[in-house]
Amino acid sequence: MPSFGFVLPGNRHLAFLAALIPALVLRVLAMVGYRPTLWFWADSFSYLGAAADPVPGTFRPLGYPLFLAALAPGHSLALVTAVQHVLGLGLAVAVYVVLRRRGLPGWGATVVTMPLLYDEFLILLEHMIMADALFTVLVTAGVIMLSRRAVTPLSAGVGGALLGLGAITRTIGVAVLVLAVGHLLLRRTGWRSLAGLVLGGALPLVAYATWMYGTSGTFGLTRADGLFLWARTMTFADCSVIRPEPKLAPLCPSTPVAGRPAPAFWLWGPASPLAGMPRDKNALAGRFARAAIMAQPFDYLTAAGGDLRRLLRWERTAARTASMKNTNPYWFPFEERALKKSASAAAEAYEGGPAATRIAEPYAGWLRVYQRFGYLPFPLLVALLGGAVVLASVRRRHDALLPGLAAAALVLAPPFLTGFDVRYVVPAIPLTCLAAGLAAAGRTRRPTGRNGVDAADAARVSDAGGRARPRPDGRHAGLRS
């Protein structure tokens, strides 16, 4: 019996379907074991507060709060996590379909897609009120649209819009959008496709920056780029070398370099020098950071390189036992924890009731066991990414270069701009898998006609009676055996 596209899977997709079912079970365990959601320090509650009163803020763009606001009528945090889990599984399906269409066999495409299905950190972030899961889906979907064999103005515009939406969800998405523009320039896809990408990507960015300007007088995505870069330099900055101007001197750290905490402390810690700075602290912090980098370039590179060395650790987070408190947000928690009064208001208003995480055993326990081994170690991720980029270059698989370079940007940029966090690396996993699969796929290109349209597809026209005209291989258009 013939099957139509991907609708009737037949035997060709059994391997992927067999892998998809346990991945769904893992996400159901998260939904049942940790209700209604998991929380990430103050960030989750900031997102919910912004969803209730969406005004462009200082540190984060509003892409994710607008997503939360769209789901707010459901009065259910569980609905948010369910949608994020569905988006995660949908992304895995999309990557699998792309790889199959590029020539990978079913088992090969399934193996390449398995980190998207089973990585416990992806499942964890899908179950959190955090922007990372949405950002991962938007950026990977945008790259998929721009990695097609024949990029049209429409697909370029859609891809650009997805990347633009990703950039107003997490600002690092701007780097991926810039890489996408360079990618189309190198592929020489034509000015119409390039214009579609630029227009599609610029619309969300310009609209949001205009909104920001109207509320704060700043035309941009945040008002904290200088603050983040300053916090990065605090791990090495030596004011006896920098010799900052008097106006910047209060930003000098007093703690000896050897005893300084991580960059995040300098942004959020109560003893940070930022506490006594005037209102234009972002501009002043940016000036200090640039002066520190110019005066101590080797120390800057050493600090970023020290962060990147953490990618060589096999374990993603510190060891954890049941006797420890729930202080690590990157583990499925062992015990329930009440929300602070300062945070519970926004959460309970969104939920319409109690919002603290409730743990149901044995389902939560099964996930805690799984998280000990159910992840792609970062050394393997780095090796896979490097191999994919090299193989794509050697085989001239330009469609694999964009996801590979985008993944590299997501991994490499944060240590230079803000500091290392395990969470910042995870969005590179789907892009790395996509790049590896495309680089390994066989060449399936067929002769093309005008505008990059497949010649065989161009032959699928209907005769005067409305019946499908046979293709050159004797089969009818639109049917697959």
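Of the conditions (1) closer than 26 Å to W268 by Cβ; (2) surrounded by fewer than 18 Cβ atoms within 10 Å (Cβ to Cβ), V241 clears all except one; give me its number.
(1)
From T218, T255, which residue is without any contact (Cβ under 8 Å) to a residue 60 or more places away in the chain, among the β-branched types (V, I, T) and within 29 Å of A161 (Cβ to Cβ)? Please lay out each step first, then the result.
Numbers: T255 fails: within 29 Å of A161 (Cβ to Cβ).
None of the other options fit; the residue is T218.
Between a residue in segment 152-180 that is within 21 Å of R423 (Cα to Cα) and in the same structural domain as P56 (by TED's automatic domain parsing) and any residue that is of a type in the set (S, T, N, Q) and outside any helix (DSSP H, G or I), which pairs come within a Cβ distance under 9 Å, given they are 6 or more apart or on different chains?
The qualifying pairs do not exist here.
Take the conditions touching an Asp or Glu at 6+ places or on another chain (Cβ under 8 Å) and at pLDDT 90 or above and apply them to D299. Does it pass?
On the way: touching an Asp or Glu at 6+ places or on another chain (Cβ under 8 Å): yes; at pLDDT 90 or above: yes.
When the stated conditions are applied, D299 passes them.
Looking at (1) free of Cβ contacts under 8 Å to residues at least 24 places away in the same chain; (2) outside any helix (DSSP H, G or I); (3) under 17 Å from G63 (Cβ atoms), which is the one condition that is false for V206?
For V206, the failing item is (2).
Output the helices (runs of 4 or more DSSP H) that fall wholly within segment 377-481 and possess 1 or more residues being at pLDDT below 85 and over 34 Å from the mean Cα position of the chain (by Cα), or say none. Give the steps one after another, and end with the answer.
Numbers: elements: 378-395, 398-417, 422-425, 428-440, 455-458.
Answer list for segment 377-481: 455-458.
Sort through L71, L20, L26 and tell me the only one that's modelled with pLDDT of 95 or more, within 14 Å of I129 (Cβ to Cβ) and assigned by TED's automatic domain parsing to the domain that holds D421.
Answer to the check: L71.
Tell me, please, whether a residue that is of a type outside the set (A, V, I, L, M), surrounded by fewer than 17 Cβ atoms within 10 Å (Cβ to Cβ) and either in contact with a Lys or Arg (Cβ under 7 Å, 6 or more places away or on another chain) or in a helix (DSSP H, G or I) (or both) can be found in segment 218-236. Quick ask: steps written out before the conclusion?
Just the residues of segment 218-236 that are of a type outside the set (A, V, I, L, M), to begin with: 218-220, 222-223, 225-226, 228, 230, 232-233, 235-236.
This time we only want the ones that are surrounded by fewer than 17 Cβ atoms within 10 Å (Cβ to Cβ), so: 218-219.
Now drop any that are not either in contact with a Lys or Arg (Cβ under 7 Å, 6 or more places away or on another chain) or in a helix (DSSP H, G or I) (or both), which leaves none.
There is no residue in segment 218-236 that is of a type outside the set (A, V, I, L, M), surrounded by fewer than 17 Cβ atoms within 10 Å (Cβ to Cβ) and either in contact with a Lys or Arg (Cβ under 7 Å, 6 or more places away or on another chain) or in a helix (DSSP H, G or I) (or both).
Assuming L199 fulfils every condition listed in (1) at pLDDT 95 or above; (2) closer than 19 Å to A409 by Cβ apart from one, which condition is it?
(2)
Taking L38, is it touching a strand residue (DSSP E or B) at 6+ places or on another chain (Cβ under 7 Å) and under 30 Å from A231 (Cα atoms)?
yes
Working only within segment 357-373, note down all residues that are surrounded by fewer than 16 Cβ atoms within 10 Å (Cβ to Cβ) and part of a loop (DSSP other than H, G, I, E, B).
Of everything in segment 357-373, those that are surrounded by fewer than 16 Cβ atoms within 10 Å (Cβ to Cβ) and part of a loop (DSSP other than H, G, I, E, B) turn out to be A360, E361, P362, R372, F373.
Taking G182 as the residue in question, decide whether it is in a helix (DSSP H, G or I) and modelled with pLDDT of 95 or more.
Here the answer is no, as G182 does not meet what is asked.
When only residues in segment 118-151 that are within 20 Å of I168 (Cβ to Cβ) and small (G, A, S) count, which is surrounded by the fewest Cβ atoms within 10 Å (Cβ to Cβ)?
A141
On the basis of being surrounded by 21 or more Cβ atoms within 10 Å (Cβ to Cβ), touching a residue at least 60 places away in the same chain (Cβ under 8 Å) and assigned by TED's automatic domain parsing to the domain that holds Y350, does G63 make the cut?
Numbers: surrounded by 21 or more Cβ atoms within 10 Å (Cβ to Cβ): yes; touching a residue at least 60 places away in the same chain (Cβ under 8 Å): yes; assigned by TED's automatic domain parsing to the domain that holds Y350: yes.
Answer is yes for this residue.
On the given criteria, is S193 buried (at least 22 other Cβ atoms within 10 Å of the Cβ) and in contact (Cβ under 8 Å) with a residue 24 or more places away in the chain?
Numbers: buried (at least 22 other Cβ atoms within 10 Å of the Cβ): yes; in contact (Cβ under 8 Å) with a residue 24 or more places away in the chain: yes.
Yes; evaluated as a whole, the condition is true for this residue.
Return the only residue of A338, A347 being assigned to a loop (DSSP other than H, G, I, E, B) and within 29 Å of D53 (Cα to Cα). Spell out the reasoning first.
Values: A347 fails: assigned to a loop (DSSP other than H, G, I, E, B).
Going through A338, A347 in turn, the sole match is A338.
The values are calculated or read from the model by the stated rules, or taken from the named source; none is laboratory data. On a predicted model such as this, the values are computed, not experimentally measured, just so you know. So basically every Cβ, Gly included, is an ideal-geometry build from the backbone, and we count neighbours across all protein chains shown.
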